[in-house]
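Below is one structure, written out as structure tokens, with a few remarks after it.
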Amino acid sequence: MTDDERVIVPVNFSQADPRADRPVRILVGQAELKLSQDPQVVLYTAPLGAGLGIAIYDAEAKVGGLMNCLLPDSDLDEKRAVLHPAMFMNTGWAALMTCAQQLKAAPERIRVFAAGAAEIMDDISLLNVGKQNQKCLREFLRQKGFILNAENMGGRTNCSMELSMATGEVRLRFSGQIISKFLCKP
Amino acid sequence: MQAISDYVRNLRYLPPAPRVVPELMRLINQPDADSSRIVNLISYDPSLTTNVLRISNSAYFGAATPISNLQDAVTRLGFQQIYQLVAAATGAKILGASQEGYGMEQGDLWKHSVTAAAAAQLIARQRNENENVVFTATLLHDIGKTILSDSLKGAYSKIVAETEGNGHSLLEAETKLFGINHAELGGQLLQHWNFSPDIIAAVSFHHTPKNARVYQRLASCVYMGNMVACFMGHGYGHVAFAQRARTEVLADLEMTERSVPQLMMDTFEQMQLIEAFFSSAVPSAA
């Protein structure tokens, strides 16, 4: 099975009341990915830890997606990847891209943002999941022909990531800080 | 050591001693463990009884018919699970509050502790260590933070300077700034509360397992449980990842390249159980 075949179609969340003018915040939990084209939706992840938060956004189609994955490669557990494709960066990415294109996003217009992958001290690879995740993501995107348009990976503090469908803004909230920071303004 | 004991004894905000947990562990470790004695022990604390019953009736544990009394709970869930419920209900009370000095909101320390305990228990099970001891030690491993938090308030920029600027771990920064760290303090507190030496050592040395000597393997289980919880997004507060990698843990626990990812995946499967412990045992203000 190729990565592209191993895909599930997540539900397109569009629960917003058209009369409402406040954003609707929708949680992307661990090993989950969600997409939307509803301008009222803001997708946000649970705290990422050493896992990766990956956001994609097509400004023309106004389609965005956010993934919260734990580990780099489904080789670690193929059976689990079938049940939880978003647990692994590679299978999650395949699902994200397939669904985004179904919502009329175009790969050449898609911008990619990454956060998370916090690192402990000392460079001992068995214990540095965050560093490993970063390394794998960079190589993976390079192979797929994508660049990282903005990133805030590594560091010593847990963070969560959010993506606004209306604007494509990506914000990060670091544990212990009250105010979130922009990763990227379109 | 003397100075640290005085520090613990003289604190104004010492949490109330959990009397049931150490005694309950002793009870269930006896070969002829008697359920009525277990029920009597837990009943001694009415609010603990209420919390245990509440968790045992949560969605995760709940059965077709509700559990309405402790004897019922013990019979249906078994000693091991009852012990965990008691430990969780106790822990929630002590660990549920926010820890401002560390940048942890209400529930953060508790969520971290429960996730770490579940992960560490898996490790203990796989490596034939005493699960209850490891579960308890890991549940309480950061209890020292509840005491040190006040001292850290207002020291945020100094902590960050030590970790980012001087390359110290959070533990080393605490020692440098306050003369004591949360692991030592936690061990002292548990000693004050008459917990067993293995748990005291595993908590005192959960960042430096080599120093736990005869209890090194236990301390390594706690270390790894803590790490896995952090990797999975349940390590909260300022610079929570400013922790040292310890190679002795890799040897102690016979770890391979797949071990950590496997632990993360296995802990992921436990998240429902972890949520049950987390949300049912509501931390009280008292």
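Once each of the trypsin sites (Lys or Arg not before Pro) sitting in a DSSP loop with at most 13 other beta-carbon atoms within 10 Å is removed, chain B keeps B:13-152 as its longest stretch. More than 42 Å apart: what percent of Cα pairs in the protein assembly as shown qualify? So the pairs more than 42 Å apart make up 19 percent of the total in the protein assembly as shown. Among the GluC sites (Glu not before Pro) within the range A:90-186, those in coil by DSSP and having at most 14 neighbouring Cβ atoms inside 10 Å are A:Glu108.
Of all lysines in the structure, the ones whose alpha carbon falls short of 30 Å from that of B:Lys145, not counting any fewer than 8 places away in one chain, are A:Lys131, A:Lys181, B:Lys93, B:Lys111, B:Lys153, B:Lys158, B:Lys176, B:Lys210. Is the shape of the range B:68-147 best called rounded, prolate or oblate, per the rule: a/c under 1.5 gives rounded, else a/b larger than b/c gives prolate, else oblate, with a ≥ b ≥ c the square roots of the Cα gyration tensor eigenvalues? Verdict is oblate for the range B:68-147.
Ignoring ligands, DNA and RNA, what accessible area per residue does the protein assembly as shown give at 1.4 Å, in Å²?
42 Å²
When the Gaussian network model of chain B links Cα atoms closer than 10 Å, the mean-square fluctuations of B:Ala118, B:Ala89, B:Ala212 top out at B:Ala212.
Determine, at each q value in 0.09, 0.11, 0.13, 0.15 (inverse angstroms), the log₁₀ of I(q)/I(0) that the Debye formula gives when each Cα of chain B is one equal point scatterer. Reported log10 I(q)/I(0), two decimals: -0.40, -0.61, -0.86, -1.15. In this Cβ point-charge picture (+1 for Lys and Arg, -1 for Asp and Glu), the range A:50-164 has a dipole of about 260 debye about its Cα centre. Residues whose amide H falls under 5 Å from that of A:Leu183, counting only those 5 or more places apart or on a different chain, are A:Val170, A:Arg171, A:Leu172, with hydrogens built in the peptide plane.
Given +1 on the Cβ of Lys and Arg, -1 on the Cβ of Asp and Glu, and no further charges, what dipole in debye does the range B:20-123 carry about its Cα centre, rounded to the nearest 20? Present the calculation step by step, with values, prior to reporting the outcome.
Working: 6 positive and 8 negative charges, 32 e Å.
Computed charge dipole of the range B:20-123: roughly 160 debye.
Calculated from DSSP H runs of 4 or more alone, at -39500 (n - 2.57) each and per residue, what is the 222 nm mean residue ellipticity of chain B, nearest 500? Present the calculation step by step, with values, prior to reporting the outcome.
Details: 16 runs with 177 residues, N = 286.
Calculated at 222 nm, the ellipticity per residue is -19000 deg cm²/dmol.
Note: the range A:32-92, Cα convex hull, 83 Å³ per residue.
For the residues A:Asn133, A:Asn149, A:Asn158, a GNM of chain A with alpha-carbon springs under 10 Å puts the largest fluctuation on A:Asn149. For the range B:95-110, a drop of 30 Å² or more in accessible area on going from the chain alone to the assembled protein chains (1.4 Å probe) is found at B:Glu105. Using the Karplus relation 6.51 cos²θ - 1.76 cosθ + 1.60 with θ = phi - 60°, the per-residue 3J(HN,Hα) values for the range B:234-251 come to 10, x, 9, x, 4, 6, 4, 8, 6, 10, 7, 7, 10, 5, 5, 5, 4, 6 Hz, with x marking Gly and Pro. Listed values for the range A:35-40 are Karplus-derived 3J(HN,Hα) couplings in whole Hz (6.51 cos²θ - 1.76 cosθ + 1.60, θ = phi - 60°), namely 10, 7, 10, 9, x, 8, and x replaces Gly and Pro.
Mean per-residue shielding of peptide A:25-38 is 1, counting Cβ atoms of other chains within 10 Å of each Cβ.
What does the buried accessible surface come to for A and B, summed over both chains, with the probe at 1.4 Å? Round to 100 Å².
In total, this chain pair buries about 2900 Å².
Across the range B:263-278, rounded Karplus estimates of 3J(HN,Hα) from the backbone phi angles (6.51 cos²θ - 1.76 cosθ + 1.60, θ = phi - 60°) give 4, 5, 5, 5, 5, 4, 5, 8, 4, 4, 5, 4, 4, 4, 5, 5 Hz, Gly and Pro being marked x.
Shown here are the Rg and Dmax of the Cα trace of the range B:149-286, at 16.2, 44 Å.
Backbone amide hydrogens, once placed in the peptide plane, bring A:Gly176 within less than 5 Å of B:Gly237, excluding anything fewer than 5 places away on its chain.
Placing one equal scatterer on every Cα of chain A and applying the Debye formula, the log10 ratio I(q)/I(0) at q = 0.19 Å⁻¹ is -1.32.
The values are calculated or read from the model by the stated rules, or taken from the named source; none is laboratory data. Since the model is a prediction, treat every value here as computed from it, not as a measurement. All Cβ positions, glycine included, derive from the backbone under ideal geometry; neighbour counts span all protein chains shown. Ligands, DNA and RNA are excluded from the accessible area calculation, which covers all protein heavy atoms including side chains. Shrake-Rupley method; radii C 1.70, N 1.55, O 1.52, S 1.80 Å.
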